[in-house]
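Written out below as structure tokens is the structure these notes cover.
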Amino acid sequence: MRIKRLYIFLLKTFLPLFAMTFGICLFIVLMQFLWKYIDEMVGKGLAISILAEEFFYAMLSFVPMSLPLAVLLASLMTFGNLGEQSELLAMKAAGISLQRIMKPLIIFLCFVACGSFYFQNNIIPLSQVKMWTLMYSIKNKSPELEIPENTFYNEIMGYNIYVKKKAKNGQLKDMMIYDYSRGFNNAQVIMADSGRLKMATNKLYLILTLYNGEAFENLKDQGKTISKESVPYRKESFKTKEILIKFDANFNRANESLMQDRYIAKNLADLRRSIDSMTVDIDSIKRVNAALIYNASYIRSTGVQLPDTSGQTQQFAPLDFDSLYQAQYPGTKLSLLTQVRTRLQGVRMDYQFKSLQLASNEKEMRRHHTEMHKKFTYSLACLIFFFIGAPLGAIIRKGGLGMPVIISVLLFIFYYVIDNIGFKMASNGRWEPWQGMWLSSAILLPLGAFLTYKAANDSVLLNADTYLNALKKLTGQRLTRKIEKKEVIMYNVDYQDLALHVNALKQHCNTYLSTHKQWIPYFDFWKQGGKDADAEQLLAELELVVDEAANSDQNLVLNKLMDYPVTNWYQLGNFPNNRVIPWLLPLTLPVYGLIMYRRKWLIQDIRLILRISDELLDMIKK
């Protein structure tokens, strides 16, 4: 079957944008990772190859997160460009529905979603293990040795070094060293005029050579074996002194087996096996703890055993502790209370430890659950974001990187916040793991279906004028009439007949104002179904006058017609004549109040019609 040219055109339009947006999104996420862990990497003298390797593994790990945002942005730009250039309108005019236009991209993104799942299940565990193992090694790497001037440098474990000035030849001037490598009780303070610091050839030690100085050593520990009159410190003067400091400057890779048992290193099958084994372990721990609590209870341990009448179970009758306690001497009572308190504290600490251990195991199992569901939710998010981005692009009809980027960022932030809320709830055990991890999909999927339906029916959902007009109607700020002079007039205006119609309109307005008030009684309003037949007839008569006078060739008359108000807005609609509706007070009162508020503007408009009609009659007479 030959692929249609339209499908090829859509794929050629979408794929370059998708590749570009995916690269941009992956770069943004990678930069976020860099800013988060930049303090762990900078200042340690790491080779470029080590940093490049870490960024490569991080880039692989962030591919599933970048795909949904790239799909959203690319679909918005694609359909926005098609709408802005009227290509989408041409396709619809040719009888091609929006669903059919989206069909090739839906098929392509189904393959992308399946590829994302395969990538998460097989590639991500390997990249995650390597990334976090390498990050652990980087964190444990000693910082690059660079002692600043006029600042205490404490990056060497057990030492605090102060240098007042550094010479160009590398010599350090006016040095002060606090050596607490053997503990604060054996601290040593060294002051020297100058010194040099160099690394040993094996990069495991620092050699600090000091010149012309003094050393003060605390002898507090040694003072335990000498008399109290002895001086508790030692002073040493030297011309040259060398200090060997342990400082491992090599980069040592950690063993990847550290991360092999974590959830990040497991695919779907491994996660399921781990969850099953952890469930069995947790259930067995709970049974053991329950048995220990029962066996340690006072009824079990101190109760009086009764004869077993059934021959199957043992029965225990509780002792009367109050009577036994009251029979003791006061000293014995105090001793018993002390023993009980000590034992209760021990029992509480024991079970607190057991509960913390059990909570840790349950949290680890929940983390396995969330990791398993994440493999599905990130894949499904690619399709969900397409069904949001494509209809939005078709509705707003704006291409480029302006409006689509803003909408994409806002939608992705909303998705990210909802996803994190669900993840936190699932990790803390407040929700089931599947509820927390599928929360974002459950919220965005109906949104995508709604937008697709609106776009397929050419809705004005995101048309700003629609909401502005609704707001103007609500506040009484109506639209103004727009009447232009016709180039070709089919029927000339009979001004005498027009004057008769305008006078009839005036008479009808005066009659309405004299017989109707702004407020209609509540039950009368619902009895007539919210309708006002007189007002509807008056407004229809106004429109007839305007239509007749619009054929005039006089600019003054046409301008005056535009002063007539637009009055087709004041009524919400027709309501059924039902005797039950007026008694639904909590629901019907707001509707009644809104329509009465609009009737206020209706009365004002009728008065305005009277004034404009008088002015129009004066023009006609002239």
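All of the numbers you see were taken from the coordinates with simple rules; none came from a lab. Since the model is a prediction, treat every value here as computed from it, not as a measurement. Cβ sites come from the backbone with ideal geometry, for glycine too, and all protein chains shown count toward neighbours.
Here is how the numbers come out for the structure above:
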| item | result |
| --- | --- |
| Vicinal HN-Hα couplings computed from phi for region 322-333 (Karplus, 6.51 cos²θ - 1.76 cosθ + 1.60; Hz; Gly/Pro x) | 4, 5, 5, 5, 5, 7, 8, 6, x, x, 5, 4 |
| Theoretical FRET efficiency, 1/(1+(r/R0)^6), r = Cβ-Cβ of Ile443 and Glu53, R0 35 Å, to 0.05 | 0.40 |
| Charge context of His508, other residues only, Cβ under 11 angstrom, K/R +1, D/E -1 | -1 |
| Backbone HN-Hα couplings from phi across region 106-122 [Karplus 6.51/-1.76/1.60, Hz, Gly and Pro as x] | 5, 4, 4, 6, 5, 5, 4, 5, 5, x, 5, 5, 4, 4, 5, 7, 10 |
| Positive minus negative residues near Phe423 (Lys, Arg vs Asp, Glu; Cβ under 11 Å) | +2 |
| Within region 48-83, chymotrypsin sites (Phe, Trp or Tyr not before Pro) in DSSP loop having at most 12 other beta-carbon neighbours inside 10 Å | none |
| By average C-beta atoms within 10 angstrom, highest first, the peptides 538-550, 119-131 | 119-131, 538-550 |
| J(HN,Hα) series, region 14-27, from Karplus relation 6.51 cos²θ - 1.76 cosθ + 1.60, nearest Hz, glycine and proline x | 7, 4, x, 5, 5, 5, 5, 5, 5, x, 5, 5, 5, 5 |
| Qualifying trypsin sites (Lys or Arg not before Pro) for region 365-401 [loop in DSSP, other Cβ within 10 Å: at most 15] | none |
| Those chymotrypsin sites (Phe, Trp or Tyr not before Pro) in region 148-186 that DSSP places in a loop and that have at most 16 other beta carbons within 10 Å | Tyr180 |
